[in-house]
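Data block below; observations after.
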Amino acid sequence: MKQDAISKSLAKFDQLLIKQASTLLETIFNEPVHITVDETKVFDMEEVRNFISTQAIRVDFIITEKNKGFVYLANEALVPGLANYLRSEGKAASKVPDSMQLLLDVAEQLNVIKKQCFEEVLHKKVEFNNPNILLWNGKIELAFNDSLVTYYSAKIGNTTSFTFLRITPQLISNNYFNVVDLGDDQFEAQKGEFEEFGDSPTNVDAQQSIDFIHDLELLVTVELGRITMTLKDMLALGPGSIVELNKFAGEPVEVYVNNKKFAEGEVVVIDQNFAVRITSLVAKRDRFASLRA
């Protein structure tokens, strides 16, 4: 009976999670997104190793009070540039690749979505730490014993479909999903069917379904210019020193959101405060093209 309650809770949780996550991804990619649950079963190390093949991109969503949470795995071949960056732990990289920044941005917004799903489906309030992103090579972790693993299929626009999985540790299952009364009159199991892909949703319901993330705070940075200096030259700086940047006077400044280039603009002064008038935006497709393998 306990396992039935957990499976039913997970199924309803996934129903809402997939709906909200798909809407978020459709907004980002401007493409239809289709995600389905293939199956949920008891974790088997060899089966997961076979699924991974070599190494996997691993994203951990940690529930603060338990220091455990959901673990998502996808084959590294989906985003080879990101895998190479993680393999070197960023040491040899001149900058964080766009695919890494995108995954971080999406993961942070999925934290908000998961929190809402816990409240709406399970009537439980949870807080998540910042998501962790790393490479996983299938080494045995005792914490995964008796966990549940859920396999998903996903498709973005006309790209080839891909699969990924989620591991739900036993501690999380027992503490959060062992719920019997889920309001059966509002939840009905149905046979899964693939739908025809159409245009991206633009109706009011689709927009309202992501309204709850609109209060998410993002770091906005305006960069006037950059320069590379030797340690000797930097130590020689003092009051009155002039640092010449790599920008000409009158050139547009760059606007970054969460360290990702978002727009360009010109510096203006409003009530004695510096401000930026946006002159151009980075195309949405260009921002996220690096993740489409």
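Every number in this text was worked out from the coordinates using simple rules, so none of it is lab data. For clarity, every value in this text was computed on a predicted model and none was experimentally measured. Reconstructed Cβ throughout: ideal geometry from the backbone, glycine too, with neighbour counts over all protein chains shown.
Note on LYS66 and ALA275: their simple-model spin labels are 4.7 nm apart, each label 7 Å out from Cα toward Cβ. Listing VAL37, VAL42 from fewest to most neighbouring C-beta atoms within 10 Å gives VAL42, VAL37.
Expressed in units of 2.2 N^0.38 Å, where N is the residue count, the Cα radius of gyration of the stretch 220-291 is 1.39.
Over 26 Å apart at the Cα level, from the set LYS66/LYS155; LYS66/LYS261; LYS8/LYS114; LYS124/LYS261; LYS68/LYS114, are LYS66/LYS155; LYS66/LYS261; LYS124/LYS261.
The calculated FRET efficiency for the pair THR160 and PHE248, based on their C-beta separation and a Förster distance of 35 Å, comes to about 0.20. Residues PHE43, PHE177, ranked from the fewest to the most other C-beta atoms within 10 Å, line up as PHE43, PHE177. Based on C-alpha pairs under 8 angstrom that are at least 6 apart in sequence, the stretch 1-121 has a relative contact order of 24 percent. 3J(HN,Hα) along the stretch 149-158, derived from phi through the Karplus expression 6.51 cos²θ - 1.76 cosθ + 1.60 where θ = phi - 60°, amounts to 10, 10, 9, 10, 10, 9, 8, 10, x, 9 Hz, with x in place of Gly and Pro.
Distance between the modelled labels on ARG87 and MET45, one decimal in nanometres: 2.5 nm (7 Å Cα→Cβ projection). Around the amide H of LEU148, modelled in the peptide plane, lie the amide H atoms of PHE43, THR168, GLN170, all under 5 Å away and 5 or more residues distant in sequence or on another chain. For the stretch 220-291, the relative contact order comes to 26 percent (Cα pairs under 8 Å, sequence separation of at least 6).
Note on GLU141/LYS261: beta-carbon distance plugged into 1/(1 + (r/R0)^6) with R0 of 45 Å gives a FRET efficiency of 0.75.
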